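The values are calculated or read from the model by the stated rules, or taken from the named source; none is laboratory data. Computed from a prediction, not measured in an experiment: that's the story for all the values here. Using ideal geometry, Cβ is built from the backbone for each residue, glycine included, and neighbour counts are taken over all protein chains shown.
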Amino acid sequence: MSVKERDPLTGHQTTGHEWDGITELNTRVPRAVWFFVFVTHLWALIVWVLMPTWPLVTTYTKGLLKIDQREEVEEAVIEANLARADWSEQIEALPAEGIMADPALALRVNETGHQLFGDNCAGCHGLDAAGGPGFPSLTDAAWLWGGDTDTIMETLRVGINSQHSETRFAQMLAFGRDGILTRDQVRVVADYVQSLSNPQPASERLVEGAEIFAANCASCHGEDGAGNRDLGAPNLTDAFWIYGGDDESLFTTIHNGRKGWMPAWEDRLSLTERKILAVYLHERRQEADR
Amino acid sequence: MMSSLTATERSRAFMITMTVLLGGLVMAAVGHGDPIGMQGWVVILFTAVVGVVLLKSFDAPDPVEDRSASYYDDPTRVGIIIALIWAVIGMGVGLWVASMLAWPNLRFDAAWSSFGRVRPVHTSGVIFGFGGNALIATSFHIMQRTSRARMPNQVLPWFVLIGFNLFCVIAASGYLMGITQSKEYAEPEWYADLWLVVVWVAYFILYMRTLARRNEPHIYVANWYYLAFILVVAVLHIVNNLAIPASLTGAKSYSAFAGVQDAMTQWWYGHNAVAFFLTSGFLGMLYYFLPKRAGRPIYSYRLSILSFWGIVFFYIWAGSHHLHYTALPHWVQTLGMTFSVMLLVPSWASAGNALMTLNGAWHKVRDDATLRFMMVAAVFYGLSTFEGSFMAIRPVNGLSHYTDWTVGHVHAGAMGWVALISFGSIYALTPVLWRREAMYSWKAVELHFWLALSGTVIYVFAMWNSGIIQGLMWRTYGETGTLKYSFLESMIAMHPYYVARALGGLLFLAGACVGLWNVLMTVRHMPRHAPERDYPTSSEATEPAVPAAE
């Protein structure tokens, strides 16, 4: 069976073997293949000489360039921190208005703040900071705990209902579920709450709602429903809603209660970064006002 | 089908099935309250179905045909059909997870449908379900043909095929229950891993015994590749899955490796799974079906040797390129990078050998979609091996790593190379296996080819774009030296490409459905036609392995 044949097309001989009709030519390996084998091996050899490559028993060949990725990173981090130092110290030292008055610093706040906000806050509050169902807008006039730079920085530091030992704490009771109010009473007081931002003609129902509100809600939201920033109780007289101001959302809120959650950033973002965020947010809000 | 087994073989098969069923019962009993209990029920159900199939022809008379006059093809036939069914399942789930990435609400808020559980169903479904069954089935065919010998045993091939599919079913159902050991492409837990070792050793024994019975003096190249696939996958599987079960009555286990050693072991496995599962075995397929279909001799036997030993030697070192710029020591990264580049020429030598083999048969490539499947597969093989070596270079990897470029690269290989060579081989094999004149519809093969090719091209281009944009966005600095984009913005920029990717996947899946339909119609409706000389030679007819004098 070992009969070598010549392939008429290529002129090459077969190896003389045949498997289920398949034969092989004994063509020699093309020069180009050997050339590229040589090139890739030469390249590898050069890299081996230059870079850390081969393990020895307790160490490894360091390479002529003495490059080490860990040292490279450490140097790069030191360098980057040095480059930041001049402006990050300024941001730490200056009050918010001072920062934005300096155009060079303002540019840094805008660029760094955009990225910090995108990677840390936008997941909940949205890239445009306009919030969404359950997550407050940071560009409107309504603030649970206060919207000045210092208050925002404190909220960032400790979070809301977070695991931080000094966390801000706020909870709305589940008035319906816990049996404090009947379902009808919940509906009535919901109508009253809606009338605070959207005035309705006086009616018996609203009077009853006002009574329920005074007895159950006013302690946190205030007699007039204007909220209380010390307690993180939202203003109910404005047009801004976190969980929605329609009948169904309001009923759910009053019936089941609410307890929003924001992480504490003290251990995750530096003071400078938090300050940049606070100033950045302030700017976004002013932009939205304009 | 089972009636071609003798009564002894049937009862042996039944005993094995019942033993596994008993194992399932034990898992269900001791694992009550743990996911392993549910897995026990999966095993019971699976083996019960196998048992019923066996019992249906249990009392049939012994077959009378002369075994030495034919190859044993029943397991190959079943394997081909199962492979195509897995292709539809795996690619269907792939389309789902791709759509989930574009429209996240498509997960319908159930625990089992979360991305992290469904994605491994896709990866295992296509790699092991489709690829694995295609490999096992074609290897059964090729090892017999190129040895001109029948398999030594009729129960063992069934054990390998059905046992392997039991592993696939345990794996896929386990993922949906949340069982995983968090090793990519090696997610199944310890009991499934142990079972696969048993099946794999049986596979190795079967292959070696068939080769030992060969009536050809030399072993054909395809067999080298299949053997490398079987042997190295066994080693990879065993080492990477070394673990201590938290309890023998629970699914959870703890890996024998920790920290960076764990990462290195995982990617040594992961990369060589690509090398020896997704490359070596499929090169075996290519080396048989391409010259067979083209009717041309292999371009160069010497090139085959160069590329085989090059691939086998260099691939094993390359895994650490998955861990560039990580806690892995720098010198391991350099080794991985340089060996990945040295690997390029042997890989291209295989692709080149395949394409040069087509010289003198290009008119067939033009006219015959089956051969065109194989030709394009070889092109994509060359393309993705070049891309792989390129991405393994550290600075390039700094841009490409963790981006969709990696996903695109994998799919250029998985769709363009692995799936296309499998489909081409299946179309070449089906008429031979079922003794049919031709495929039921050559137009459907042509349609499948264009669906698969356009699907792959759309997919890969979408991911190249997406990956490079992603990589660049992550490293773009603003005027003040801070990063310009947040991660979320890069996600939003990806959306159109994710939609395009899902479209590419849809086309590819449609092609697989056409393929399954075409194979089933061929089996059912095409007239019989016996291929020439498709039977083993008797051993007396061959000359001795070493000719007396030459």
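Scanning segment A:27-35 turns up at least one residue that is touching a strand residue (DSSP E or B) at 6+ places or on another chain (Cβ under 7 Å) and within 30 Å of B:Ile219 (Cα to Cα). Residues that are farther than 30 Å from A:Leu269 by Cα and under 34 Å from the mean Cα position of the chain (by Cα) number at least 2 in the following helices (runs of 4 or more DSSP H) confined to segment A:131-248: A:183-197, A:218-221. Those helices (runs of 4 or more DSSP H) of segment B:201-317 in which at least 1 residues are over 19 Å from the mean Cα position of the chain (by Cα) and without any contact (Cβ under 8 Å) to a residue 40 or more places away in the chain, considering only elements entirely within it, cover B:221-240, B:259-272, B:301-315.
The set of residues in segment A:65-105 that are touching a helix residue (DSSP H, G or I) at 6+ places or on another chain (Cβ under 7 Å), in the same structural domain as A:Leu271 (by TED's automatic domain parsing) and among the hydrophobic types (A, V, I, L, M, F, W, C) comprises A:Trp87, A:Ile91, A:Ala96, A:Ile99, A:Met100, A:Leu105.
The residues on offer are B:Phe282, B:Phe289, B:Phe277, and the sole one that is surrounded by fewer than 24 Cβ atoms within 10 Å (Cβ to Cβ), more than 9 Å from chain A (Cβ to nearest Cβ) and of a type in the set (Phe, Trp, Tyr) is B:Phe277. Scanning segment B:412-425 for residues that are more than 22 Å from B:Gly129 (Cβ to Cβ) and part of a helix (DSSP H, G or I) turns up nothing.
Quick one: is B:Val274 among the β-branched types (Val, Ile, Thr), modelled with pLDDT under 95 and not assigned by TED's automatic domain parsing to the domain that holds B:Gln39? Spelling it out, B:Val274 is indeed among the β-branched types (Val, Ile, Thr), modelled with pLDDT under 95 and not assigned by TED's automatic domain parsing to the domain that holds B:Gln39.
In segment A:26-37 there is at least one residue matching the filter, namely being more than 8 Å from chain B (Cβ to nearest Cβ) and among the charged types (D, E, K, R).
The number of residues in segment B:119-159 being of a type in the set (S, T, N, Q) and not in a helix (DSSP H, G or I) comes to 2.
Scan segment A:8-66 for residues that are surrounded by 13 or more Cβ atoms within 10 Å (Cβ to Cβ) and among the polar types (S, T, N, Q) and jot them down. The answer is A:Thr10, A:Gln13, A:Thr14, A:Thr15, A:Thr23, A:Asn26, A:Thr27, A:Thr40, A:Thr53, A:Thr61. Taken over segment B:345-368, residues that are surrounded by 23 or more Cβ atoms within 10 Å (Cβ to Cβ) and at the interface with another protein chain (Cβ under 7 Å from one of its Cβ atoms) amount to 2. Scanning segment B:434-483 for residues that are within 14 Å of chain A (Cβ to nearest Cβ) and in contact (Cβ under 8 Å) with a residue 12 or more places away in the chain returns B:Met473, B:Trp474, B:Arg475.
Listed by position, the helices (runs of 4 or more DSSP H) contained in segment A:43-130 that have at least 3 residues being more than 9 Å from every other protein chain (Cβ to nearest Cβ) and either within 30 Å of B:Arg394 (Cα to Cα) or out of contact with any strand residue (DSSP E or B) (no Cβ under 9 Å at 6 or more places or on another chain) (or both) are A:69-93, A:96-101, A:103-120. Put simply, of A:Asp191, A:Asp178, A:Asp148 the only residue that is among the charged types (D, E, K, R) and in the same structural domain as A:Ser249 (by TED's automatic domain parsing) is A:Asp191. Restricting B:Phe159, B:Phe164 to residues that are buried (at least 21 other Cβ atoms within 10 Å of the Cβ) and either in contact with a Gly (Cβ under 7 Å, 6 or more places away or on another chain) or not assigned by TED's automatic domain parsing to the domain that holds B:Val235 (or both) narrows the list to B:Phe164.
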